[in-house]
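Data first, discussion second: the structure below is written as structure tokens.
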Amino acid sequence: MSFQSILPFVIATMATAHEDMFTPHRISHASLFSANKPLLDSLTTDGLVSITDIPGFRQIKENTLKHLHECLLDSSSQEEEEIGSSVVLEATLNDGTLRRTIASATIPTLGAFPFPKNDSSPNCKAFQEKLQEFRSTIDKVTLVFANQLGSELDHSLKLPLMSTKDGEYSFHGVADIVGNGEHLEHFHSYEKLEKDHEDTIELHTDQGLFIAFTPSLYHNKDDRLSLSKGDFYIETAQGDTAMVEFSLDDDLVFMLGDGVNQYINPKFRSEDPSRKLRATPHYVTLDDKEDAVRVWFGRMVLPPSDAYSVKDDKTYGEIRRLLSDNKQTAPNGLGCSSIHQRALDAAPQGDEADGGCPEGKFQCWFRCMDIPAGEPSIESCTDENDPDLSMKCINPRGQVSWDGMKHGDYYPKCTNSTAEITDVPSLPSEEPFNYPQDEDVCTDGAWSEYLTDAEDEFDFVHDLTTTDGDTAAKFFWSVVDNDDGSNKSFIKGRLSFNGLFGWIAFGFANTADGAKKNGMNGAQVLMATPGSPLDYSPVTGFDLSKGEEGFRVAEYVIDHSDSAFRHWQDPVGPISISAKSASNVNLAPSVDTSHECFTSLDFYQDRIHETEFNTSGMNTMLWAANGEDSFAGYHGRGNRAVFDVEWKTGEAGARGSLDNVDLGTLTDSLGSSFAAAGSGTMMSLVVASFLAFVLLII
């Protein structure tokens, strides 16, 4: 498949004549929670389903879309006057239709990036009024849809569906891909300026896993909304073209993209073609309504950016960047499916297809790992008197990952262990650990009250809470100038976590080229632990016997290659006895567990290890926490984030949102408008420009 034929993230084909009518299969929102299997019949034949009766959504949708077009017009004209550019993207389509777009994204652990705002426009204020509720509802329904699809489908698939390149993390099933994927969001308005009967958007198949969209509405000049009819067409499984007959009952439509052919269908255990999911070719033709514009929203789900494509030998994030950087030189077939290309598969390939590995390596941690120095070869790891002795993939507790496809601290070892994998012990229920959180006590109201003192004490705050609500955390800080006449400034900071104290860490991300795991490897961090790191064992965890008296805070440098704590548990500075006991900012860093539900890490420093806070500019920071157990193991994909901080202005956001230096995914002509727009609109400009360049969506 040539690169020119796919366009970035789109498989384009020739349009055919308009023919039959097609009524989508409709599923009530309530039925998505049932034990039945409502999705597969439609998704294997048609490739799309409509979700109806989403509580309260029709009114939220209409209230939001009703003001979209006028807001786009207001924003476009205002921003052209003020900065000479606009975050509203305009494109003239095949038939002369003018499409106006604003775009954003929802990224796991970083949450939902804001759409551009225009506070001076009443239309935009009205548009923004229900926007958060609109996006939140779609987010929840999307995750419910993914969970239901996974429950119907995962048992038929070879799992995991994907893994990271180093095998440290697996994306097990459909819900895991969706929950960790990048969700790209668009609002479009379409205004037909010419009477041309060409297709507005030609027949194509979206490149994502699926897209969730609201059937388009016509916004009439008299400010009424009505269903847009006769403009959306699909190619049926029989190869015919049919107009899709939507109704006002269709709250949210899920339509499969070519991603199902890349990383779902190749994973079926059965070769029965009737079981394969179907990506839906579709196109749009608008009529010549002079008194109305067509308004629409879509949310495309792409695979996790750190998931690895074996075929392309790149992560999906790298593929997306390569496609957007240079469409002329990208390799043929990059990121697309083809009957002539091998399917994506996280399992061993080529010479390793039988599960074997080259000499000197062993299948462990989703990959062929080097057999550690000092271990015998696979062939010599035998004993006729001990039939259990063999090379195995184990964790430090001697538990065996029999297929080598388990996430965590695993490595090859010659052993006779046959121990099955079990969860590490949870934190104790006694004070000061109080496991698990008491849902009746640890409420949203209690969390808000807990943060009140910090809101008064510190100058700035950055909300690290994820949109799904699974993680709640806030980072507070003030810049304190030294009163000794020097130019040195300190950061007085507090990281507050809606979770118990297993460990909590904050520090500088490793921003060097080639830094692994989004800057975690090589990071310099301040980390609070419930016991001394000198006594830590990956077999038994931290020693919790001393209670608060055992709490410690120290500085560490995370190993540049090996992520497990046992590889970097020796601090690079003094160890503080760290239970918080006073408010004096000059005390050593401390951890506060005085509340039975929540944890805070406090510090007052001009640096962490060898890196000084750039108090007159920006730093890229990271945080992570574990509120479940006393092992310095995996924090989950939720209790962490990497973010940028402008210390003195109080601005903070997702990594790259405050940095206008690396504009590799944008056209050169946009460079000046980044600087003029300011950091507040930076991420919206990045997302909008990137998406408009690489996506063709209805």
Subject >> Neighbourhood charge, 12 Å Cβ-Cβ cut-off, centred on residue 429 and excluding it, Lys, Arg +1 and Asp, Glu -1 >> reply: -4
Original post:
When the chain is fully extended, how far beyond the present Cα-Cα distance does residue 449 get from residue 546, taking 0.36 nm per residue of separation?
Top reply: 32.0 nm
**OP:** List, in order, the whole-Hz ³J(HN,Hα) value for each residue of segment 455-465 obtained from phi through the Karplus relation with A = 6.51, B = -1.76, C = 1.60 and θ = phi - 60°; use x for Gly and Pro.
**Re:** 4, 7, 7, 10, 7, 9, 8, 10, 7, 9, 5
**OP:** Collect residues whose amide H, placed 1.01 Å from N in the peptide plane, falls under 5 Å from the amide H of residue 392; neighbours closer than 5 in sequence don't count.
**Re:** 413, 414, 415
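Can you put 224, 397, 320 in order of accessible area, largest first, using a 1.4 Å probe?
Largest accessible area first, the list is 224, 397, 320.
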Subject >> For residue 30, net neighbour charge (Lys/Arg +1, Asp/Glu -1) across residues whose Cβ lies under 13 Å away >> reply: -1
**OP:** Quote the accessible area belonging to residue 205 in square angstrom, nearest 10, computed with a 1.4 Å probe and with ligands, DNA and RNA left uncounted.
**Re:** 20
Original post:
Accessible surface of residue 163 in the full protein assembly, 1.4 angstrom probe, to the nearest 10 Å²?
Top reply: 10
**OP:** Sort 267, 406 by accessible area with a 1.4 Å probe, largest first.
**Re:** 406, 267
**OP:** Grab the beta carbon distance between residue 463 and residue 28, set R0 = 45 Å, and tell me the FRET efficiency rounded to 0.05.
**Re:** 0.85
Subject >> Pairwise FRET efficiency - residue 40 versus residue 271, Cβ, R0 = 25 Å, nearest 0.05 >> reply: 0.90
Original post:
Setting aside same-chain residues fewer than 8 positions from residue 546, which lysines have a Cα under 30 Å from its Cα?
Top reply: 474, 492, 580
Subject >> Net charge of neighbours whose Cβ lies under 11 Å from the Cβ of residue 67, counting Lys and Arg as +1 and Asp and Glu as -1 >> reply: -2
Original post:
Considering amide H positions built from the backbone, and no H for Pro or chain starts, which residues 5 or more places from residue 406, or on another chain, come under 5 Å of its amide H?
Top reply: 365, 366
Original post:
Taking a 28 Å limit on the Cα-Cα distance, which of the listed pairs 267/517; 66/648; 61/117; 392/516; 140/311; 158/413 fall beyond it?
Top reply: 66/648; 140/311
Original post:
How far apart, in nm, are two points set 7 Å out from the Cα along the Cα-to-Cβ line at residue 229 and at residue 420?
Top reply: 6.0
Subject >> Heavy-atom accessible area ranking, 1.4 Å probe, most first, across 430, 375, 133 >> reply: 430, 133, 375
Original post:
If you take the beta carbon distance between residue 561 and residue 537 as r and set R0 to 22 Å, what does 1/(1 + (r/R0)^6) give as a FRET efficiency, to the nearest 0.05?
Top reply: 0.55
**OP:** Post the alpha-carbon centroid distance, segment 143-217 to segment 603-621, in whole angstrom.
**Re:** 39
Original post:
Just the accessible area for residue 361, please: 1.4 Å probe, Å², rounded to the nearest 10?
Top reply: 70
Subject >> In sequence order, calculated HN-Hα J values of segment 435-450 (Karplus, 6.51, -1.76, 1.60; Hz; x Gly/Pro) >> reply: 7, x, 4, 7, 4, 6, 9, 8, 8, 4, x, 5, 4, 4, 5, 4
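The values are calculated or read from the model by the stated rules, or taken from the named source; none is laboratory data. Because the structure is a prediction, the values reported are computed rather than measured. Because the Cβ atoms are built from the backbone with ideal geometry, glycine has one as well, and the counts that use them run over all protein chains shown. Surface accessibility is based on the protein's heavy atoms, side chains included, excluding ligands, DNA and RNA. Shrake-Rupley method; radii C 1.70, N 1.55, O 1.52, S 1.80 Å.
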